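The structure appears below as structure tokens.
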Amino acid sequence: MAETTDVVFAGGGIIGLAAAWEAAQRGLSVRVVDPAPGRGAAWVAAGMLAPVTESSFGEEALTRLFLAASASWPGFASRLKTATGWDTGFRACGAIAVALDASDRAQIDQLLDFQHGLGLEASRLSATDCRSLVPVLSPAVRGGALMPGDHQVDNRALVLSLIDGCVRAGVKLTSDRVVSVSLDRKGAATGVVTEGGEIYLAGTVVLAAGVDTPAIGGLPEGVLPPVRPVKGHVARLRAQPDGEAFSHTVRGLVHGHHSYLVPRADGSVVVGATSEERGYDTTVQAGAVHSLLDDARLLVPAVDEWEFVECIAGLRPASPDNAPFVGPTSVPRLLVATGHYRNGFLLAPITAESVATYIATGSVPPPLDAFPVDRRFPAARTGSDL
Ligand code: GLY
């Protein structure tokens, strides 16, 4: 039987890796069990850190969490860089939201009112302002808004830095899949059981397996929170051999469709994203590639000239209220950290800090304590309700 660690993480995506690294930084012995760390949704993501453009009507508490999460990013990126020497591509680039028609413009104006009501930093831009900030934008852009506090990290550089940081900090990375949690006679978690038939014992078990979390067995019914997969296709293009193709992340409303283009320092551009309720399917569909590129080229006509590098699809772990589940469950010594939906990268440092703090103190610190894992949701409507 494998040695015991202080903590075992089921899942080494962006959340599991960040929390494992943080726990190890605080002196805990840590194991992460994942068949391919960092190669799930974290590898697909665009890495936007967007507290303002991801804020939505009716989600004020979540917006407060996003702002706190954003504030923790510079320190986290700098600590990781000091520990590993890697540049994670964290950049305070700002974002602009742009509209292609009058209805898109009206929608951005409504969002601006909502954002101003919450005291968020966002200002209206004319069409000329938009093109001065991002000259590659189409002349068809009708105007938009500037969100100077929305930033980015290179998702893949971050994942690789975290894996390196974990290895340097002594985290054991175990290539296997957790299938169940083992419990003692009093019903407390004692470790995890893997597909490969191993048992890894630990003082605390953290389930951070994204959309796969609810399928982890061995637990009484109702312990694990409801998380569902929301598929996102993301394309990667190469605009130029080196140096960013434009400065700000572009969030477009294209005749009602949401689209984004995130310029990386290496001359590539990440184009996203579809949002599809299709269960656990990650096949890349021609129609999705077509619509991603079609919206992107309406915003930035030069897209037609850029190299197509790849399109892949991942599964966002969504919760019924779009807020994450981070903290203890009704099973002693069992935590979960999942449900980060569209904001896994933004929320990774604050989640990591909260998991490590919970293990040390027995309390989830604010603002994540506003979203207890056992919160209840209205029953889902079914077809017969409609
Ligand atoms: N955070 C953007 C997305 O999930 O597509």
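The values are calculated or read from the model by the stated rules, or taken from the named source; none is laboratory data. Remember, predicted model here, so these are calculated numbers, not experimental data. Here the Cβ positions follow ideal geometry from the backbone for every residue, glycine too, while neighbour counts run over all protein chains shown.
Can you find even one residue in the range 106-113 that is part of a loop (DSSP other than H, G, I, E, B) and over 26 Å from residue 79 (Cβ atoms)?
Checked the range 106-113: no residue is part of a loop (DSSP other than H, G, I, E, B) and over 26 Å from residue 79 (Cβ atoms).
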Notebook entry, point to check: Considering only residues of the range 287-305 that are crowded, with 21+ Cβ neighbours inside 10 Å and away from the ligand (no atom under 16 Å from the Cβ), which is nearest to residue 267 (Cα to Cα)?
Noted result: 303
Margin query: Given the criterion charged (D, E, K, R), crowded, with 23+ Cβ neighbours inside 10 Å and either away from the ligand (no atom under 16 Å from the Cβ) or not in a helix (DSSP H, G or I) (or both), identify the matching residue among 278, 316.
Written below: 316
Checklist line | Filtered residues of the range 203-228 (kept if farther than 20 Å from residue 321 by Cβ and either among the polar types (S, T, N, Q) or surrounded by fewer than 24 Cβ atoms within 10 Å (Cβ to Cβ) (or both)) | finding: 203, 204, 212, 215, 216, 217, 218, 219, 220, 221
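So, in the range 120-149, exactly how many residues are among the small types (Gly, Ala, Ser), farther than 16 Å from residue 53 by Cβ and out of contact with any strand residue (DSSP E or B) (no Cβ under 7 Å at 6 or more places or on another chain)?
Going through the range 120-149 one residue at a time, the tally reaches 3.
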Check: If we keep just the residues of the range 150-165 that are in contact with a Lys or Arg (Cβ under 9 Å, 6 or more places away or on another chain) and acidic (Asp, Glu), which is surrounded by the fewest Cβ atoms within 10 Å (Cβ to Cβ)?
Finding: 154
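Table: residues versus (1) modelled with pLDDT of 95 or more; (2) in contact with a Phe, Trp or Tyr (Cβ under 6 Å, 6 or more places away or on another chain); (3) among the aromatic types (Phe, Trp, Tyr).
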residue: 336; (1), (2), (3): yes, yes, no
residue: 339; (1), (2), (3): yes, yes, no
residue: 354; (1), (2), (3): yes, no, no
residue: 359; (1), (2), (3): yes, no, no
residue: 367; (1), (2), (3): yes, no, no
residue: 370; (1), (2), (3): yes, no, no
residue: 373; (1), (2), (3): yes, yes, no
residue: 376; (1), (2), (3): no, no, no
Margin query: Looking at the structure I just gave you, is residue 283 more than 30 Å from residue 189 (Cα to Cα) and either surrounded by fewer than 20 Cβ atoms within 10 Å (Cβ to Cβ) or basic (Lys, Arg) (or both)?
Written below: yes
Next item on the list: Could you tell me which residue of the range 240-275 is farthest from the ligand (Cβ to nearest atom), considering only residues that are part of a strand (DSSP E or B) and surrounded by fewer than 18 Cβ atoms within 10 Å (Cβ to Cβ)?
Entry: 257
Check: Can you name every residue in the range 354-379 that is under 17 Å from residue 322 (Cβ atoms) and part of a helix (DSSP H, G or I)?
Finding: 368, 370
Checklist line | Within the range 2-36, considering residues that are in a strand (DSSP E or B) and over 19 Å from the mean Cα position of the chain (by Cα), the one surrounded by the most Cβ atoms within 10 Å (Cβ to Cβ) | finding: 8
Check: Of these, 336, 234, which one is within 14 Å of the ligand (Cβ to nearest atom), assigned to a strand (DSSP E or B) and either more than 30 Å from residue 374 (Cβ to Cβ) or not polar (S, T, N, Q) (or both)?
Finding: 234
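Quick check on my filter: what residues within the range 302-345 are polar (S, T, N, Q) and under 30 Å from residue 245 (Cα atoms)?
Passing the criteria: only 343.
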Item checked: Selection status of residue 66, more than 16 Å from the ligand (Cβ to nearest atom) and part of a helix (DSSP H, G or I) -> no
Next item on the list: Have a look at 142, 168 and point out the one that is surrounded by fewer than 23 Cβ atoms within 10 Å (Cβ to Cβ) and either over 25 Å from residue 30 (Cα atoms) or among the polar types (S, T, N, Q) (or both).
Entry: 142
